1. Which of the numbered conditions does Ser374 fail, given that it passes all the others? Conditions: (1) surrounded by fewer than 21 Cβ atoms within 10 Å (Cβ to Cβ); (2) touching a Ser or Thr at 6+ places or on another chain (Cβ under 7 Å); (3) of a type outside the set (Asp, Glu).
2. Have a look at Gly342, Gly351, Gly376, Gly333 and point out the one that is outside the structural domain of Met190 (by TED's automatic domain parsing), within 24 Å of Trp308 (Cβ to Cβ) and touching a strand residue (DSSP E or B) at 6+ places or on another chain (Cβ under 9 Å).
3. Would you be able to say whether some residue in segment 80-95 is touching a strand residue (DSSP E or B) at 6+ places or on another chain (Cβ under 7 Å) and either touching a residue at least 12 places away in the same chain (Cβ under 8 Å) or among the aliphatic types (A, V, I, L, M) (or both)?
4. Is it the case that Ala266 is closer than 23 Å to Gly182 by Cβ, over 26 Å from the mean Cα position of the chain (by Cα), small (Gly, Ala, Ser) and at pLDDT 95 or above?
5. With Thr428, Thr442, Thr368 as the choices, which residue is of a type in the set (S, T, N, Q), assigned to a helix (DSSP H, G or I) and within 19 Å of the chain's Cα centre (by Cα)?
6. Scan segment 102-120 and tell me whether some residue there is within 11 Å of the ligand (Cβ to nearest atom), part of a loop (DSSP other than H, G, I, E, B), free of Cβ contacts under 8 Å to residues at least 40 places away in the same chain and farther than 30 Å from Ala247 by Cα.
7. Check whether at least one residue in segment 48-62 is free of Cβ contacts under 8 Å to residues at least 60 places away in the same chain, near the ligand (Cβ under 9 Å from one of its atoms) and farther than 30 Å from Gly408 by Cα, and report yes or no.
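The values are calculated or read from the model by the stated rules, or taken from the named source; none is laboratory data. Keep in mind the model is a prediction, meaning the values are calculated, not measured. Positions of Cβ are generated from backbone atoms using ideal geometry, with glycine treated the same way; all protein chains shown enter the neighbour counts.
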Amino acid sequence: MSSQSYDVIVIGGGAVGENVADRTAQGGLTTVVVESDLVGGECSYWACMPSKVLLRSGAALAAARRVPGAAEAVTGTVDVRAALKQRDSIASNWKDDGQAKWLDSAGIALVRGHARLTGIKEVTVTQADGAVTVLTATHAVVISTGSAALLPDIPGLTDIDPWTSRDATSAQQIPPRLAVIGGGVVAAEMAAAYASLGSAVTVIARSPLLGGQEPFAGELVTAALIENGVTVLVGPSTTEAHREGGAVTLTLDDGSTVTAEKVLVAIGRTPRTQDLGLNTVGLNGGDWLAVDDTLLVQGDSPTLAGDWLYATGDVNHRALLTHQGKYQARAAGDAIVTRAAGTPVDNAPWGAHVATADHAAVPQVTFTDPEVASVGLTAASAVKAGYRIRILDYDLANLGGSAVLAVGYVGKARAIVDLDREVLLGVTFVGQDVAELLHSATVAIVGEVPINRLWHAVPSYPTLSEVWLRLLEAYGRPGFTENDGRKN
Ligand SMILES: Cc1cc2nc3c(=O)[nH]c(=O)nc-3n(C[C@H](O)[C@H](O)[C@H](O)COP(=O)(O)OP(=O)(O)OC[C@H]3O[C@@H](n4cnc5c(N)ncnc54)[C@H](O)[C@@H]3O)c2cc1C
């Protein structure tokens, strides 16, 4: 057994853990990352990056087919071998040398192995060969262990060896038939990807797809999936799974069955806190870790006193997205450096050391075709939160920009206005190529830009950004009345 001491210990070298470590190292604190698998985590190898590449070739092909001139030049379907090869390359062939090298270049130490808390500011790492290293932290321990796929308790499911998102994003063969259990982002994206790669896909979702988004988002995505040959079953639950030879049959609670070579389970995530020694600091293994806005772990235990234990990324369950976890990482890393210097943190809302946007402006893109790009509140969540709102809707098909992009462009935008402050609370865009529009909405919401001022942000013609002008026109210019000859 060896022992080492650092200012900061980060458990988990995913995108989020790497970012915390970067901030604390840049702040002059000695920092170690402990990683039990690949440095880079889920996003690089089994989530964001490979999933987006699997979707990209089908989307590019579909986009070309909507442009006369280009459409005539597209004569085939997706080249599966080439698409998988590109996916392999983007996933660095599931090797982490590049990311480990980056840690080294950033002056961050790496200890490989499984980390467990063994006391206040103490982490014990067990390496694959059984060697044990005890790490102690002078200032902070950050838990960035992420989340894993949640498997439902369906009789027979474990026996059929179901796919999780890890299998779906790293598969080397495309199954002739794929059943997808779930209706969230991962289910919708993987259904779209595998349909474009040649699988006959059936989605089994208990409720309409993309719940939590504006309802039209799920409706437009469902319609597009169906148009692309996907069977979407909304309502039934899977009650049993069994394999016969190469095929699996799922029995649904409406009495029907679905047969497929592979079954992807995408019903949600579970925190990676099961085997983390949380009991040694008065917390429960298997729980998501509640944090305050500086990402300090919350709990009644006196062991948590002293502002030393942080949780960033998926594991705190605030927003299960890489970019939002990295935003938390920057806030937490800087808070650690500030506290280590004995200076008070700037923890007022929107201050330097808090993740305020987690509550008000979480941007998210679902990379289906059409894409769904949303930030802030939906109409339903704004009403629930007690805001007095106005809903502005616009059909993106009416824009000059969409007419240039595609024949038969299908898309819709919705903005939610807080009538008391005349600022935006939320925006949702659905359509081809709307992902890059999203940041404009995020800036408007985070900046609380008054509608009156937004009128001066002129979108270029002919682009999809002209949706901003149309939404503003739908609202009417504050201060002008009917008597001015304008809509109010
Ligand atoms: C299919 C799919 C697609 C997605 N697409 C997107 C997308 O397009 N955009 C987006 O923003 N988000 C996307 N997400 C979500 C995104 O992947 C996660 O939000 C992100 O990976 C979370 O990062 P993290 O660092 O918190 O956790 P992780 O990336 O899971 O990293 C945690 C790390 O901790 C390590 N670890 C765990 N326990 C221990 C331990 N005890 N000791 C040592 N190491 C440990 C793990 O091995 C892992 O490397 C997607 C998710 C899925 C499943």
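1. Going through the list (1) surrounded by fewer than 21 Cβ atoms within 10 Å (Cβ to Cβ); (2) touching a Ser or Thr at 6+ places or on another chain (Cβ under 7 Å); (3) of a type outside the set (Asp, Glu), Ser374 breaks only (1).
2. When all the criteria are applied, what remains is Gly333.
3. No, every residue in segment 80-95 fails to be touching a strand residue (DSSP E or B) at 6+ places or on another chain (Cβ under 7 Å) and either touching a residue at least 12 places away in the same chain (Cβ under 8 Å) or among the aliphatic types (A, V, I, L, M) (or both).
4. Taking the combined requirement at face value, the residue does not satisfy it.
5. Thr442
6. Checked segment 102-120: no residue is within 11 Å of the ligand (Cβ to nearest atom), part of a loop (DSSP other than H, G, I, E, B), free of Cβ contacts under 8 Å to residues at least 40 places away in the same chain and farther than 30 Å from Ala247 by Cα.
7. No, segment 48-62 contains no residue that is free of Cβ contacts under 8 Å to residues at least 60 places away in the same chain, near the ligand (Cβ under 9 Å from one of its atoms) and farther than 30 Å from Gly408 by Cα.
Table: residues versus (1) near the ligand (Cβ under 7 Å from one of its atoms); (2) free of Cβ contacts under 8 Å to residues at least 12 places away in the same chain; (3) closer than 19 Å to Tyr327 by Cα; (4) assigned by TED's automatic domain parsing to the domain that holds Leu296.
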{"site": "Gly12", "(1), (2), (3), (4)": "yes, no, yes, yes"}
{"site": "Ala25", "(1), (2), (3), (4)": "no, no, yes, yes"}
{"site": "Val33", "(1), (2), (3), (4)": "no, no, yes, yes"}
{"site": "Leu38", "(1), (2), (3), (4)": "yes, no, no, yes"}
{"site": "Gly41", "(1), (2), (3), (4)": "yes, no, yes, yes"}
